[in-house]
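Asker: This is the structure I want to talk about, given as structure tokens.
Nothing in this text is a laboratory measurement; each read-out follows from the coordinates by a stated rule. Everything numeric here is computed off the predicted structure, so don't read it as measured data. Virtual Cβ from ideal backbone geometry, glycine too; neighbours counted across all protein chains shown.
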Amino acid sequence: MDSLYFWPLMTLAAIFVGMGKGGLPVVAGLAVPSLSLIMSPVAAAGLLLPIYIVSDIFAIRAYRRDYDWPVLKISLIGMTIGVLVGGLTAHLVLEWVVTLMIGLMGLMFSLKQIFKQINFAKPGKVFNSKVGIIWCTIAGFTSFISHNGGPPWQIFTLPLGLSKSVFVGTSVLAFSYCNLIKAIPYFILNQMTLVTLKVSLYLMLPAAIAVFIGVKIIKIIPENVFFKIVTWALLLISLKLVFDGLKIHF
């Protein structure tokens with residue numbers, strides 16, 4: 001907190017979180033990396049969790065009617081398992097391994113989607129519930145480690161052919177639940193404390209405003225363009241995760 005750049009970067013990260021919760025897929029993935037310039041990713045995750053939770057409240061208000069219940073039900077099951085595994089194994093996990101693996105998975109999937117040139121506006125395939133639970137478990141686990149649950153979640157949901165609003169709404173509800181249940185192990189592991197809550201309190205307003213900005217932007221983006229943006233965003237975030245994982249290790 002003594003760093004000259006602490007509050008500007010924290011404010012920027014809060015805006016990233018809010019706009020991501022508003023539906024802009026690439027922006028939220030910049031929050032933890034931006035704070036990693038002045039602190040460890042683990043500390044950044046603890047500081048950002050309350051901001052995620054507050055942003056979730058405003059995002060739910062915007063997308064509360066737009067969701068796919070079968071997909072959401074599977075996500076709740078899988079993410080519960082993933083967060084539980086993350087909390088129990090937090091002291092054993094090598095963060096760079098998780099970062100690298102999730103980056104590689106997202107990279108391969110996004111490249112596959114781009115080369116296939118899928119028209120996401122068309123109806124997708126019926127999802128496999130067992131496969132869905134696996135990907136959502138991974139999403140819950142990686143979200144617990146560093147708020148990077150997006151790539152495995154998108155690997156599961158992008159091929160389903162959901163409409164733009166339903167895709168965003170289901171994502172918002174799933175990760176709102178995931179963030180809420182993460183708070184318990186975060187407190188137990190001291191990743192989130194009264195000190196971090198005080199810092200987060202100052203950043204809730206810019207995050208909340210950013211949610212509504214994200215919602216407004218999403219409404220004017222054509223559906224097919226939106227899903228192409230999601231796919232390219234997944235590619236860019238995955239490349240960043242691969243780079244971060246290799247950098248941390250080597």
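Asker: Give the lysines whose C-alpha is closer than 16 Å to that of residue 130, dropping any in the same chain fewer than 8 places away, or say none.
Answerer: The reachable lysines, counting only those whose Cα sits under 16 Å from residue 130, are 73.
Asker: Using the Kirkwood radius built from alpha carbon pairs, what does the Stokes-Einstein equation give as D for region 6-249 at 20 °C and 1.002 mPa s, in µm² per second?
Answerer: Details: Rh = 17.6 Å.
My calculation gives 122 µm²/s for D.
Asker: For region 59-68, take each phi angle, set θ = phi - 60°, evaluate the Karplus expression 6.51 cos²θ - 1.76 cosθ + 1.60, and give the result in whole Hz per residue in order, putting x for glycine and proline.
Answerer: Per-residue couplings from phi come out as 5, 4, 4, 6, 10, 4, 9, 10, 7, 9 Hz.
Asker: Continuing with this model, one more query. If R₀ is 25 angstrom, what is the calculated FRET efficiency for the pair residue 77 and residue 188, using the beta carbon separation as r and rounding to 0.05? It would help to have the intermediate numbers written out before the result.
Answerer: Numbers: r = 22 Å, r/R0 = 0.89.
E(calc), rounded to 0.05, equals 0.65.
Asker: Now a separate question. With θ taken as phi - 60° and the coefficients 6.51, -1.76 and 1.60, list the Karplus ³J(HN,Hα) couplings across region 132-143 in order, rounded to whole Hz; mark glycine and proline as x.
Answerer: Once rounded to whole Hz, the list reads x, 5, 4, 5, 6, 5, 5, 4, x, 5, 6, 5.
Asker: Rounded to the nearest 500, what is the 222 nm mean residue ellipticity of the chain from helices alone, with -39500 (n - 2.57) per DSSP H run of 4+ residues and division by all residues?
Answerer: Helix-only estimate at 222 nm: -26500 deg cm²/dmol.
Asker: Then there is this: At 7 Å along Cα-to-Cβ for each site, give me the label-to-label distance between residue 57 and residue 198 in nm.
Answerer: 2.1
Asker: Mind pulling up the Rg/Rh value for region 141-250? Radius of gyration and Kirkwood radius, both on Cα.
Answerer: Values: Rg = 16.2 Å, Rh = 16.2 Å.
That ratio is 1.00, to two decimals.
Asker: In sequence order, what are the phi-derived ³J(HN,Hα) couplings for region 214-224 according to the Karplus relation 6.51 cos²θ - 1.76 cosθ + 1.60 with θ = phi - 60°, rounded to whole Hz, with x for glycine and proline?
Answerer: x, 4, 5, 5, 4, 5, 9, 8, x, 4, 5
Asker: Okay, moving on. Roughly how many Å is it from the Cα centre of region 62-100 to that of region 188-227, as a whole number?
Answerer: Rounded to whole Å, the Cα centres lie 18 Å apart.
Asker: Additional query: Please give the peptides 71-80, 95-104, 223-232 ranked by average Cβ packing (other Cβ atoms within 10 Å per residue), highest first, as a rough proxy for protection.
Answerer: The packing order, highest mean first, is 71-80, 95-104, 223-232.
Asker: Once the dipole of the chain is set up with Lys and Arg at +1 and Asp and Glu at -1 on Cβ about the Cα centre, which of 184, 132, 162 lies farthest towards its positive end?
Answerer: 162
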